[in-house]
Amino acid sequence: MVEKVYPMTLEGKEKLEQELEELKTVKRGEIIERIKIARSFGDLSENSEYESAKDEQAFVEGRITTLETMIRFAEIIDNEGADADEVAIGKTVIFVELPDGDEEEYMIVGSAEADPFSGKISNDSPIARALIGKKVNDEVTIATPGGDMQVKITEVKNS
């Protein structure tokens, strides 16, 4: 079976490793302690603290498994072959919506480290898919759920 590859920046991989370490060394211990305390309350069938702690434990263990998989199959982005003015994963792109829209800036990252609220969009997003491979001054049509958007790339920066 072929495993999925998770493209990401070195910084993104390091963040995932830090989160994994935190979950394993701190969060697991906190949850185990909560479960011990909740068990001491008696009847587990009507113990909401126990159920809550067990639910959190299941969530954390699932997240640990996900992080381990993402780290194991991480593919660090290397933009050596890309032109300086070409949009690629790991670069920041600045564009203007045409005809007279606002300037927008996004760093294109792998889905594992995407965070739209901090300006990092997934390479799988409609915007990134439309922009990857394009260059400064290119006009690009981006198909979005709200309709097509016409943009002009004004700058590409190594992040």
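Things worth noting here:
- Relative packing of peptides 124-134, 52-62, 38-48 - highest average C-beta neighbours within 10 Å first: 124-134, 52-62, 38-48
- Extension gain (nm, one decimal) between Glu21 and Glu3, 0.36 nm per residue minus Cα-Cα: 4.2 nm
- Spin-label pair Leu98/Phe117, simplified geometry with 7 Å Cα→Cβ offset, distance in nm: 3.4
- Charge dipole of the chain (Cα centre as origin; +1 on each Lys and Arg Cβ, -1 on each Asp and Glu Cβ, all else neutral): 540 debye, rounded to the nearest 20.
- Convex hull volume per residue in cubic angstrom - Cα atoms of the stretch 6-76: 68
- Residues whose placed amide H lies under 5 Å from that of Thr9, excluding near-sequence neighbours: Ile77, Gly110
- Gain on full stretching of the segment that runs from Ile64 to Leu44 - 0.36 nm per residue minus C-alpha separation: 4.6 nm
- Partner lysines for Lys15 [C-alpha distance under 22 Å; skip if fewer than 8 residues away on the same chain]: Lys4, Lys24, Lys27, Lys91, Lys120, Lys157
- The angle between the Cα long axis of helix 28-39 and the longest principal axis of the Cα atoms of the chain comes to about 40 degrees, rounded to the nearest 10.
- In order through the stretch 91-107: 3J(HN,Hα) via Karplus (6.51 cos²θ - 1.76 cosθ + 1.60), integer Hz, x for Gly, Pro: 10, 9, 10, 10, 9, 10, 6, 8, x, 9, x, 6, 7, 10, 9, 9, 9
- Residues in the stretch 15-108 average 62 Å² of solvent-accessible surface per residue, probe 1.4 Å, ligands and nucleic acids excluded.
- Cα-only Debye scattering, the stretch 86-158: base-10 log of I(q)/I(0) at q = 0.21, 0.23, 0.26 Å⁻¹: -0.85, -1.02, -1.29
- For the chain, with all protein chains in place and a probe radius of 1.4 Å, 49% of the accessible heavy-atom surface sits on carbon or sulfur.
- Protection proxy ranking of 23-35, 135-147 - average other beta-carbon atoms within 10 Å, highest first: 23-35, 135-147
- Placing a label point 7 Å from the Cα of Lys152 along the Cα-to-Cβ direction, the residues of the stretch 92-108 with a backbone N closer than 20 Å are 93-106.
- Charge context of Arg72, other residues only, Cβ under 13 angstrom, K/R +1, D/E -1: -2
- As computed over the stretch 1-155, the Cα convex hull volume per residue (Å³): 167
The values are calculated or read from the model by the stated rules, or taken from the named source; none is laboratory data. Bear in mind the structure is a predicted one, so any value in this text is a computation, not a measurement. All Cβ positions, even for glycine, are placed from backbone atoms using ideal geometry, and neighbour counts span all protein chains on display. Accessible surface areas use protein heavy atoms only, side chains included; no ligands, DNA or RNA. Shrake-Rupley method; radii C 1.70, N 1.55, O 1.52, S 1.80 Å.
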